[in-house]
Amino acid sequence: PDLLPTDITGVNVFNQERGDFEFKPGAIFANIVLGDEINRASPKTQSALLESMEERQVTVDTVTYGLGTPFMVIATQNPIEHEGTYPLPDAQLDRFMMRLSLGYPSAEFETNILGTHGIVSTLDDCRSVTDAPGVSQMIAIARSVHVAMPIQRYIVAISDATRRHPDLYLGASPRASIMLLRAARGMAASDGRDYVMPEDVKSLVLPVIAHRLLLAADAAMSGRTVEAILTEILQEVPVPVRGKV
């Protein structure tokens, strides 16, 4: 809660020896930025991430600084505790590609946690599996994955259905369609394919789009959920069939 926007973006500090200001980069100048319990940061501090997450750059005192490649922001938030937290603005939620809920570990995994807690450091077993150029290469491979026009129309149809749904106050933005396209490409590439299938899109709709939607007041009072609405939309929107345009 005491984190300031300048802690993230950086700040100009006067250098007495040189007699001018020197820019001190903030925490955002990294390839992977982890925001732990991001909803505990003040709205002003959260807004410091907006430019970096969209433009891959930071502007401080009218000077723009580019961020490294690759660049990504991973954040966690406590969905239960609300005291001392601030809701993430819709503009910031829209910039996160997807939201995942980890839930509880399995009984077997939790037993393993108890068996190693205080005895073995989990960090000792961490090994580097790639580097920044390697991640950039994987991103380039994902971007080269082919997405047929019927599947692109399928993505747009899903987003458009959320905008016209009577139980939704706020539907999916064009950025949601772009993120769904990018996520589908990534899934296809991770599966060893150079093309996207409708199944890739369908499996990613909930994690990519759900956090961007807002329920209408009546729907919220009646207990409706955005996940249930998205499931209904997936059942209603026609799935592209091979050979048909």
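No value in this document is a laboratory result; all are computed from the given coordinates. Predicted model only: the values in this text are computed from it and were never measured. So basically every Cβ, Gly included, is an ideal-geometry build from the backbone, and we count neighbours across all protein chains shown.
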query: For the chain, what is the percent of antiparallel DSSP beta bridges, rounded to the nearest 5?
result: 70 percent
query: Taking GluC sites (Glu not before Pro) as exposed when DSSP calls them loop (any state but H, G, I, E, B) and at most 14 other Cβ atoms lie within 10 Å, what is the longest stretch of the chain free of them, the sites themselves excluded?
result: 84-245
statement: Footprinting proxy, Asp167, Asp200: sorted fewest to most Cβ within 10 Å, the residues are Asp167, Asp200
- line: The value for segment 106-218 (convex hull of the alpha-carbon atoms, volume per residue, Å³) is 175 Å³
statement: Put in order of increasing Cβ neighbours within 10 Å, starting from the fewest, Arg193, Arg242 give Arg242, Arg193
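Provide the percentage of antiparallel DSSP beta bridges, counting only those with both residues in segment 1-96; round to the nearest 5.
Numbers: 10 of 14 bridges.
If I count the DSSP bridges inside segment 1-96, around 70 percent turn out antiparallel.
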- prompt: For segment 1-96, how big is Rg over Rh, using alpha carbon atoms and the Kirkwood form of Rh?
  reply: 1.02
- prompt: If amide H atoms are built 1.01 Å from N in the plane of the peptide, which residues on other chains or at least 5 residues away come under 5 Å of the amide H of Leu168?
  reply: Ala216
field: Fewest-first sequence of Ser128, Ser159, Ser121 by Cβ atoms within 10 Å of each Cβ
entry: Ser128, Ser121, Ser159
Within segment 1-96: Cβ-based charge dipole about Cα centre, in debye rounded to nearest 20 (Lys, Arg +1; Asp, Glu -1): 160 debye
query: Fully extended, how many nm does the chain gain between Ile32 and Ile74 (0.36 nm per residue separation, minus their Cα-Cα distance)?
result: 14.4 nm
task: Taking amide H positions as placed in the peptide plane 1.01 Å from N, state which residues far from Gly68 in sequence (5 or more) or on other chains have amide H under 5 Å from it.
output: Ala30
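Taking Rh as the Kirkwood radius computed over C-alpha pairs, what is the Stokes-Einstein D of the chain at 10 °C in a medium of viscosity 1.306 mPa s, expressed in µm² per second? It would help to have the intermediate numbers written out before the result.
Details: Rh = 21.0 Å.
This corresponds to a translational diffusion coefficient of 76 µm²/s.
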query: Roughly how many nanometres apart are two label points built 7 Å out from the Cα toward the Cβ at Leu170 and Ala220?
result: 1.0 nm
